[in-house]
Each structure stands twice: as C-alpha cells, then as structure tokens.
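The values are calculated or read from the model by the stated rules, or taken from the named source; none is laboratory data. Here the structure is a predicted model, which is why all the values come from computation and not from measurement. Because the Cβ atoms are built from the backbone with ideal geometry, glycine has one as well, and the counts that use them run over all protein chains shown. Each accessible area value is taken on the protein alone, full model and side chains, heavy atoms only, with ligands, DNA and RNA left out. Shrake-Rupley method; radii C 1.70, N 1.55, O 1.52, S 1.80 Å.
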Amino acid sequence: MNNMIEAAKKDVKEIIMGALGRLIAEEKLPSEPIPAFTVEIPKDNSHGDFSCNAALVSAKAFRSNPRNIATLISEAAVLDGTLFEKIEVAGPGFINLFLNPLWFGETVNKVIELKDKYGKTNKGEGKKVLVEFVSANPTGPMHIGNARGGAIGDCLSSLLEYAGYYVEREFYVNDAGNQVNKFGLSLDIRYKQLFGSDEEMPEDSYHGQDIIDHAKAFAEIYGDKYMNTSEEERRAALVEYALPINIKGLETDLGKYRIKYDTWFKESTLHNSGKVTEIVELLKEKGVTYEKDGAVWFKASDFGDDQDRVLVRANGVPTYFVPDIAYHYNKLVTRGFDKAIDILGADHHGYIARMKAALTALGVDSDKLDIVIMQMVRLVRNGEAVKLSKRSGKAITLATLLDEIPMDAARFFFNLRDPDTHLEFDLDLAIEESSKNPVFYVQYAHARICRVLEKMAEEGISAKLPDSKSLKFTEEAEFAIIRHIASLPEIINEAASEYNPSKITRYVLDLAALFHKFYDTCKIKGESEEVLQSRLSLCCAVRIVIKNMLDLLKVEAPEKM
C-alpha cells in the first residue's frame with residue numbers, strides 16, 4: 001500500500017477487532033455488536049503514534065467501564081506480524097499504539113521506490129473536473145486579484161490531478177455584453193480623436209493608455225477609412241481588431257505565469273450558436289419563469305435564492321445571467337463534466353445561490369457546481385500598503401508584479417493562505433534571500449540536500465537503494481520527518497476535498513523546517529555504515545517529496561543556491 005498512514009490505521013482496526021473478537025469468544029465481554037470507532041494520530045506522539053477510542057464508544061454496549069474495556073483489549077491484542085510494537089491504555093480509556101521501527105524504514109523505502117509518483121492517490125477515481133479560473137475581462141490587463149486567482153486555480157488543478165481526478169483548465173472569455181460594448185465605445189472615441197474629433201470620453205468608459213495605443217495602431221493600418229462608416233460598423237471593426245490582441249496578451253502573461261489552459265471558451269459562441277436563447281426557452285418549458293413589466297423573470301426564490309432574477313429585459317436583451325447559465329449548462333450537461341469548479345472573487349458571493357438555483361430548475365444536480373470564493377490581496381512594501389506601480393504610476397498588474405518579484409515567489413506566496421482569507425503579500429519579503437522568505441526556505445532545504453548528497457558522492461559514498469529492514473532510525477528528528485512524509489497522501493486527499501492548495505505550501509514548509517532541524521542535530525559523515533546509509537536514504541526521500549510538492553505548485557526545486 002502506497003499510503004503508509006492508511007496501512008497503519010487498517011492495522012490498528014484489525015488489531016482491535018481481533019482483540020474484541022477473542023474477548024467475546026472467551027466471554028470476557030458480552031456478545032454485542034461492536035460500535036464504530038475511530039483511529040487518529042495524537043498531537044503528542046509520546047501518547048503513541050496512533051490512538052483509538054474503541055473502548056470509550058463500546059462502554060454502553062458492553063455495560064462496562066471504558067478503561068476496563070481498554071485494559072482487556074490491550075491484554076488480548078496480538079501485535080506479532082503487525083506494524084506495531086507496543087500498546088498502552090491512557091486516560092479514561094484511550095488505546096494508544098506505538099509503531100514498529102520497520103514502519104519507518106518501509107515509509108522511506110516507499111518514497112524512494114515511487115519517486116515522482118509518491119503522494120499521488122486515487123481519491124478522484126478519474127472523475128472529470130473542469131476548473132475555471134482567472135477569466136479576466138479581456139478589455140484590460142489582469143490585476144492582482146487575477147494573479148492570486150491564477151495561482152490558486154492552477155495549483156488546485158494540479159492538486160486534483162495528484163488526487164486522481166481528470167482535470168481540464170478553462171478560461172472563460174467575456175467577449176460579449178456590456179463590457180465589450182464599452183470597450184468598443186472607448187476605442188471609437190479615441191480613434192475619432194486622432195482625426196480631429198473633440199468628443200470627450202464618458203466618465204465610465206476605459207481611459208487607459210492601452211485604448212489609445214489600440215486606436216493608433218488601428219489607424220496606422222486603416223487610416224481614416226472608418227471615419228466614413230456607420231458607428232456600428234466602426235466599433236465592430238475596432239473591437240474585432242483590438243480584442244484578439246488583448247486575449248493574446250492575457251494568454252502570453254498567463255503563460256509566463258506557468259499557466260496553460262486546455263480551453264479558452266468564448267462567451268460569443270453561446271450567443272452565436274443560439275444557446276443563450278435556448279436556455280431561456282428551456283426555463284420557460286420547465287415552468288419556472290414569468291413575465292412582469294415586459295421582462296422575463298426566473299423564479300429563483302423557489303430554488304433557494306433570496307429573490308427572483310430578470311432573464312430578459314423589457315427591451316428583449318438578455319441579462320448577463322443568461323449566458324452564465326448557458327455556460328454552466330454547457331459544462332455539466334453538454335460536455336458532461338462530473339464537477340465544475342469556479343474560482344471567483346469575494347464580490348461574487350451572491351452569485352452562488354442564483355447559479356445553483358438555475359441549475360436545479362433545469363434538472364441539473366447543483367452539487368456538481370462548486371465555487372471557491374477568493375478574498376482580496378493587499379500588497380505591502382516597507383510595512384505600508386502599495387497600490388501603484390513605481391514605473392507607470394498605475395495600479396500594479398500581473399505583468400508589472402512579475403517584473404518586480406521572482407515567479408516562484410508569486411506562485412508560492414499567493415498559495416500561502418486559504419483562498420477564503422485575506423492575503424497580505426509582502427513585496428520585500430518575496431525577494432529576500434533568507435529563511436524568513438517561505439519559498440527561499442523550502443528551496444534552500446532542497447538545495448541543501450542536493451549538496452549533502454553531492455559532497456558524499458565526491459568522497460565515494462552514495463546512497464544505496466535501501467532495504468527497509470536495514471534502515472536504522474533512532475533520533476526523534478528522524479522519526480518526525482518520516483511521520484510527516486507518511487502523511488502526504490492524507491494531506492493530498494484533504495487538500496483536494498477542501499479545494500485548498502495552501503495545505504500543500506504549509507506541508508512543504510513544515511517538511512523543510514523538519515529537515516533543517518534534522519540537519520542541525522543528526523550527523524551523517526563519520527557515523528556507522530548502517531546509520532550513514534539510513535540518513536542518506538532519509539535525505540533522498542525528503543528531496544523527492546519536496547520536489548514533488550514544488551512541482552505540483554509549479555515552483556522550481558533548485559539543486560544549488
């Protein structure tokens with residue numbers, strides 16, 4: 001079994017059930033059904049490596065004191081041939097079990113044997129998951145919230161793949177609707193200004209330099225040709241020219257950020273194919289709409305939302321909600337994904353109930369849609385909030401952020417906190433080469449191990465493929481690392497269930513800390529051959545796990561620093 005924690009828990013259950021079976025057969029306990037019990041890892045390993053509450057939950061069934069039951073179980077337990085060497089009773093009736101040293105050797109051996117496959121699980125059983133993230137408005141550059149969403153979404157996708165899901169990454173391109181209309185209006189005015197128009201930009205239009213640049217580039221190609229066409233034709237031409245450039249820019253910036261999407265799904269395809277109109281008709285057929293004041297409304301409040309929602313305005317134009325419904329219907333029904341996960345900003349909290357209501361009304365299981373709400377990012381420099389780029393005087397975008405800090409720091413820092421918590425991003429710390437910088441601290445642990453192995457090899461000593469029975473560990477610093485390594489498959493499953501890649505950054509940070517402590521307290525060179533080889537094997541195992549987790553996060557694992 002690849003999951004050594006799971007193997008140990010299974011052993012505990014078999015030991016306890018075997019003991020209870022013998023006690024009932026010998027009539028030392030009454031013949032009653034054995035209640036379900038749990039096996040856990042104590043916070044303090046001096047209380048055992050695993051703890052079981054079987055005696056506590058059985059007290060009523062066996063009509064006896066829990067501690068008495070626990071004592072009977074411990075006396076009847078057979079540990080020969082198991083992963084455990086000792087069993088004790090503690091407190092009111094907890095049963096604590098201590099691992100056999102062989103388990104620690106087998107754990108190290110398992111990591112070295114599996115290499116880059118270590119930690120992978122089959123929790124997902126190949127189920128199809130679509131993760132949609134960033135989906136920034138293509139009318140402008142990506143902001144810091146998009147930078148966090150990119151890191152979270154991409155690492156969550158990798159995490160789910162690690163947990164055995166089939167995952168596709170998707171960017172939803174909002175190339176239709178009000179924002180694109182505003183984009184066209186802004187380009188139109190800037191283009192006309194180049195040829196003498198004194199029309200001013202409306203306050204709610206796009207005032208950025210990028211709009212001016214697009215208009216100039218368009219004019220260089222077409223001159224004043226579109227000054228003599230209709231406003232509708234001119235704006236359509238401007239949008240058709242500028243929007244693909246912006247989308248390509250998004251793709252380029254995200255590619256530099258180590259994010260590669262499987263699909264760039266355009267909203268316009270839903271409009272052009274008639275799917276937006278179809279979804280309204282489908283809701284009408286389901287009898288979940290009504291007309292009021294000339295508009296078509298969805299009875300969202302009948303399906304858990306706090307109010308009904310307009311689908312089609314009185315002027316016949318669908319609200320933005322309709323293509324969103326059509327898009328999620330496409331994900332879960334047309335394309336048949338088992339799960340759709342959206343990474344959205346905190347301002348989308350109210351979106352969850354209305355989208356789930358629409359799916360339910362359409363006969364789609366709304367539990368197939370999960371939405372991860374991501375909180376805001378606060379950039380800090382010298383202890384003070386930063387809002388502007390020093391270079392441009394504008395708000396810091398993803399591109400300008402990556403000009404200022406290393407890519408590894410960006411991806412790691414944005415995943416340091418749970419997605420639903422606010423994140424303070426320290427720009428000074430991100431470039432600091434010290435143990436205070438979390439990503440540097442982890443990378444240094446990896447490089448340190450590589451240097452240890454290299455120095456030993458220079459002296460003619462290399463780590464041999466270990467036989468778990470020959471590995472000898474005696475120090476608590478060694479045991480602590482191995483326990484942590486063994487927990488990785490469980491952490492992968494937990495993090496995947498919670499959609500929380502920050503569990504991985506915390507895990508690998510803790511592993512780095514455990515290794516640095518081991519390095520400071522446990523000698524390698526000059527020890528007996530058995531101890532030396534055991535510690536070299538442990539170094540190899542730690543290196544593998546650190547690299548695996550940094551690979552998952554798409555962060556470099558340097559061999560030298």
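Structural remarks
- Selection status of residue 387, within 21 Å of residue 498 (Cβ to Cβ), open to solvent by 50 Å² or more (accessible area, probe 1.4 Å), in contact with a strand residue (DSSP E or B) (Cβ under 8 Å, 6 or more places away or on another chain) and free of Cβ contacts under 8 Å to residues at least 40 places away in the same chain: no
- Of all residues in the stretch 461-472 being in a loop (DSSP other than H, G, I, E, B) and open to solvent by less than 30 Å² (accessible area, probe 1.4 Å), the one that is modelled with the highest pLDDT: 471
- Residue satisfying all of: in the stretch 157-189; closer than 16 Å to residue 128 by Cβ and open to solvent by 40 Å² or more (accessible area, probe 1.4 Å); farthest from the chain's Cα centre (by Cα) among these: 166
- Identity of the residue in the stretch 112-150, acidic (Asp, Glu) and at pLDDT 95 or above, that ends up farthest from residue 500 (Cα to Cα): 116
- Pairs with Cβ under 8 Å, 6+ apart, first in the stretch 276-303 and in contact (Cβ under 8 Å) with a residue 40 or more places away in the chain, second open to solvent by 20 Å² or more (accessible area, probe 1.4 Å) and among the aromatic types (Phe, Trp, Tyr): 279/329; 288/303; 299/290
- Filtered by the rule that a residue be among the polar types (S, T, N, Q), modelled with pLDDT under 95 and touching a Leu at 6+ places or on another chain (Cβ under 9 Å), the stretch 494-534 gives 533, 534.
- Checked against the criterion of being buried (at least 18 other Cβ atoms within 10 Å of the Cβ), assigned to a loop (DSSP other than H, G, I, E, B) and touching a Phe, Trp or Tyr at 6+ places or on another chain (Cβ under 7 Å), the stretch 50-59 contains one or more residues that satisfy it.
- Single match in 139, 107 (criterion: surrounded by 19 or more Cβ atoms within 10 Å (Cβ to Cβ), farther than 30 Å from residue 348 by Cβ and of a type in the set (Val, Ile, Thr)): 107
- Within the stretch 9-49, being under 30 Å from residue 114 (Cα atoms), assigned to a helix (DSSP H, G or I) and at pLDDT 95 or above holds for 9, 10, 11, 12, 13, 14, 15.
- Scanning the stretch 110-136 for residues that are within 18 Å of the chain's Cα centre (by Cα), of a type in the set (Val, Ile, Thr) and open to solvent by less than 10 Å² (accessible area, probe 1.4 Å) turns up 129, 131.
- Residue that is farthest from residue 158 (Cα to Cα) [pool: residues in the stretch 231-250 that are surrounded by 15 or more Cβ atoms within 10 Å (Cβ to Cβ) and within 29 Å of the chain's Cα centre (by Cα)]: 246
- Residues that are buried (at least 19 other Cβ atoms within 10 Å of the Cβ) and more than 23 Å from residue 99 (Cα to Cα) within the stretch 26-49 comprise just one, 29.
- Matching strands (runs of 3 or more DSSP E) fully within the stretch 268-382 where at least 3 residues are open to solvent by less than 50 Å² (accessible area, probe 1.4 Å): 295-298, 309-312, 339-345, 369-374, 377-381
- Among the residues of the stretch 513-528, the ones that are of a type in the set (Ser, Thr, Tyr) and surrounded by 14 or more Cβ atoms within 10 Å (Cβ to Cβ) come to 1 in all.
- Meets criteria (under 24 Å from residue 451 (Cβ atoms) and either in contact with an Asp or Glu (Cβ under 9 Å, 6 or more places away or on another chain) or open to solvent by 20 Å² or more (accessible area, probe 1.4 Å) (or both)) for residue 552: yes
Okay, residues lined up against (1) assigned to a helix (DSSP H, G or I); (2) under 30 Å from residue 407 (Cβ atoms); (3) free of Cβ contacts under 8 Å to residues at least 60 places away in the same chain:
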position	(1), (2), (3)
179	yes, yes, yes
187	yes, no, yes
192	yes, no, yes
214	yes, yes, yes
243	yes, yes, no
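- All of 253, 324, 338, 262 fail the test of being within 24 Å of the chain's Cα centre (by Cα) and at pLDDT below 95, apart from 253.
- Scanning the stretch 1-20 for residues that are over 19 Å from residue 101 (Cβ atoms) and open to solvent by less than 40 Å² (accessible area, probe 1.4 Å) yields a count of 5.
- So residue 174, is it within 27 Å of residue 327 (Cβ to Cβ), modelled with pLDDT under 95 and not basic (Lys, Arg): yes
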